[in-house]
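Undergrad: Dropping the structure in here first, questions after.
The values are calculated or read from the model by the stated rules, or taken from the named source; none is laboratory data. In this text the structure is predicted, and so the values were computed from the model without any measurement. Every residue, glycine among them, receives a Cβ derived from its backbone with ideal geometry; neighbour counts consider all protein chains shown.
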Amino acid sequence: MPSAKREPAIAVATIPALIERWRWHCMAAARAAQAERGRFALAIPGGSVARAFLPALIEADIAWDRLDLFFCDERCVSADDPESNFALAEELLLAPLGERGPRVHRMAGDDPEPERAAHDYGRAMRFVLGSPPVLDLALLGLGEDGHVASLFPGRPALEALDPSVLVEPDAPKPPRTRLTLSLEVLAAAREVIVAAFGHAKAGAVAYALHDPTSASPLARLLHRARAATLMLDEEAASVIARP
C-alpha cells in the first residue's frame, strides 16, 4: 500500500536562522545517505538561495569526497559567465573548498547544442543515481511567478514526463535558453527544500499552499514530492495562513 502523502513542512525564521537550519539539515542528510548508500547526491540552485546557503557549507562537517554535486538548472552561457549557476557555485563553495571538494557534475550550459547537453546530463545522472535518477536532496529557490529551477508557468517543460533533463528555449527573462531538471526528477528526490526570501515571493508561496492542485510549478512540486520543506523568511511567509 502506498504511504500517505506528507504535507510540506514550513519553517519561518530570519534568514540567518534559516541558513543555520539549512547547514545542520544538510549535514544530517549527508551523514544518513552516506551511511546507507555510501554517497550523498545534492542538487543546488543559483540565485539568492545559493548566495545565502552555499557559503554555510564551507565549514560544515560533511564527507565531501563522498558527495555528488548536481545542478537543478543552468543558463546556456559560458562556465565563467556571471549568469552561470556553476560560476556562482565555484565562487561561493567550490573554490573555498579546494581539493577537499565534492565530485561536481556540471551542466554544460556552454555546449552550442543544448539538446545534446541535456541528453548527456541525463545520462550522467542515470549512471550515478540509477534509472530513474533519485537525488538525496534538491535545494531550490523560488521565482516571483512560482517557478522552480527553470520550470516556468505555462511552459511545455513543466508538463514533460521524459527526459529527466530538459531544454527551456524561451525563459521569461534572459538568458532565455536554459537546461533544467524535470519536475519528475525533482519530485522523485528523497527530499526537496525550497527557500524563499522577501515580500516579492509571498504571493507565489501563498498561491501554491492555498491551491495545491494549481498549475503553479511550486504547487505541482509540493504536491508530488516525497518530502518537502519550505524555508521562508517572515516577508515571504507574510500572506500565508499560519496557526
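Undergrad: Quick test of your reading of the structure: residue 80 fulfils all but one of (1) part of a helix (DSSP H, G or I); (2) touching an Asp or Glu at 6+ places or on another chain (Cβ under 9 Å); (3) among the acidic types (Asp, Glu). Name the failing condition by number.
TA: For residue 80, the failing item is (1).
Undergrad: Just to be sure, is residue 52 in a helix (DSSP H, G or I), of a type in the set (Gly, Ala, Ser) and under 17 Å from residue 96 (Cα atoms)?
TA: When the stated conditions are applied, residue 52 passes them.
Undergrad: Just to be sure I understand, how many residues within region 38-49 are over 14 Å from the mean Cα position of the chain (by Cα) and assigned to a loop (DSSP other than H, G, I, E, B)?
TA: Narrowing region 38-49 to residues over 14 Å from the mean Cα position of the chain (by Cα): 38-40.
Subsequent filtering for residues that are assigned to a loop (DSSP other than H, G, I, E, B) retains 38-39.
Result for region 38-49: 2.
Undergrad: Would you pick out the residues in region 177-227 that are among the small types (Gly, Ala, Ser), touching a helix residue (DSSP H, G or I) at 6+ places or on another chain (Cβ under 9 Å) and within 27 Å of residue 106 (Cα to Cα)? Full working, then the answer.
TA: Just the residues of region 177-227 that are among the small types (Gly, Ala, Ser), to begin with: 182, 187-189, 195-196, 198, 200, 202-204, 206, 208, 214-216, 219, 225, 227.
Still in the running and touching a helix residue (DSSP H, G or I) at 6+ places or on another chain (Cβ under 9 Å): 182, 187-188, 195-196, 198, 204, 208, 214-216, 219, 225.
Selection gives 182, 187, 188, 195, 196, 225.
Undergrad: Follow-up. Note down all Cβ pairs under 9 Å where the first residue falls in region 198-218 and is on the phi > 0 side of the Ramachandran plot, the second is modelled with pLDDT of 95 or more and not charged (D, E, K, R), and they're at least six residues apart or on different chains.
TA: Filtered contacts from region 198-218: 198/48; 198/236.
Undergrad: Have a look at 95, 35, 17, 30 and point out the one that is of a type in the set (Gly, Ala, Ser) and either within 19 Å of the chain's Cα centre (by Cα) or in a loop (DSSP other than H, G, I, E, B) (or both).
TA: 30
Matching residues to (1) within 21 Å of residue 28 (Cβ to Cβ); (2) without any contact (Cβ under 8 Å) to a residue 24 or more places away in the chain; (3) of a type in the set (Lys, Arg); (4) surrounded by 15 or more Cβ atoms within 10 Å (Cβ to Cβ):
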position: 61; (1), (2), (3), (4): yes, no, no, no
position: 70; (1), (2), (3), (4): yes, no, no, yes
position: 77; (1), (2), (3), (4): no, no, no, yes
position: 84; (1), (2), (3), (4): no, no, no, yes
position: 91; (1), (2), (3), (4): no, yes, no, yes
position: 104; (1), (2), (3), (4): no, no, no, yes
position: 112; (1), (2), (3), (4): no, yes, no, no
position: 118; (1), (2), (3), (4): no, no, no, yes
position: 124; (1), (2), (3), (4): no, yes, no, yes
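Undergrad: Can you tell me which of 198, 130, 154 is within 25 Å of residue 23 (Cβ to Cβ), surrounded by fewer than 24 Cβ atoms within 10 Å (Cβ to Cβ) and out of contact with any strand residue (DSSP E or B) (no Cβ under 9 Å at 6 or more places or on another chain)?
TA: Only one candidate passes the filter, namely 198.
Undergrad: Can you tell me which of 134, 128 is of a type in the set (Val, Ile, Thr) and not in a helix (DSSP H, G or I)?
TA: One residue alone meets the criteria, 134.
Undergrad: Sticking with this one: Among the numbered criteria (1) more than 27 Å from residue 236 (Cβ to Cβ); (2) acidic (Asp, Glu); (3) assigned to a helix (DSSP H, G or I), which single criterion is violated by residue 68?
TA: Of (1) more than 27 Å from residue 236 (Cβ to Cβ); (2) acidic (Asp, Glu); (3) assigned to a helix (DSSP H, G or I), only one is false for residue 68: (3).
Undergrad: Across region 159-188, which residue is farthest from the chain's Cα centre (by Cα) among those that are in a helix (DSSP H, G or I) and surrounded by fewer than 22 Cβ atoms within 10 Å (Cβ to Cβ)?
TA: In this case the residue turns out to be 159.
Conditions (1) of a type in the set (Gly, Ala, Ser); (2) not in a helix (DSSP H, G or I), marked per residue:
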| site | (1), (2) |
| --- | --- |
| 203 | yes, no |
| 209 | no, no |
| 218 | no, no |
| 223 | no, no |
| 231 | no, yes |
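Undergrad: Could you please tell me which pairs satisfy a Cβ distance under 9 Å, a separation of 6+ or placement on different chains, a first residue in region 135-146 that is free of Cβ contacts under 8 Å to residues at least 60 places away in the same chain, and a second residue that is outside any loop (DSSP other than H, G, I, E, B) and surrounded by 24 or more Cβ atoms within 10 Å (Cβ to Cβ)?
TA: 145/217
Undergrad: Taking residue 127, is it aromatic (Phe, Trp, Tyr), over 17 Å from the mean Cα position of the chain (by Cα) and modelled with pLDDT of 95 or more?
TA: Spelling it out, residue 127 is indeed aromatic (Phe, Trp, Tyr), over 17 Å from the mean Cα position of the chain (by Cα) and modelled with pLDDT of 95 or more.
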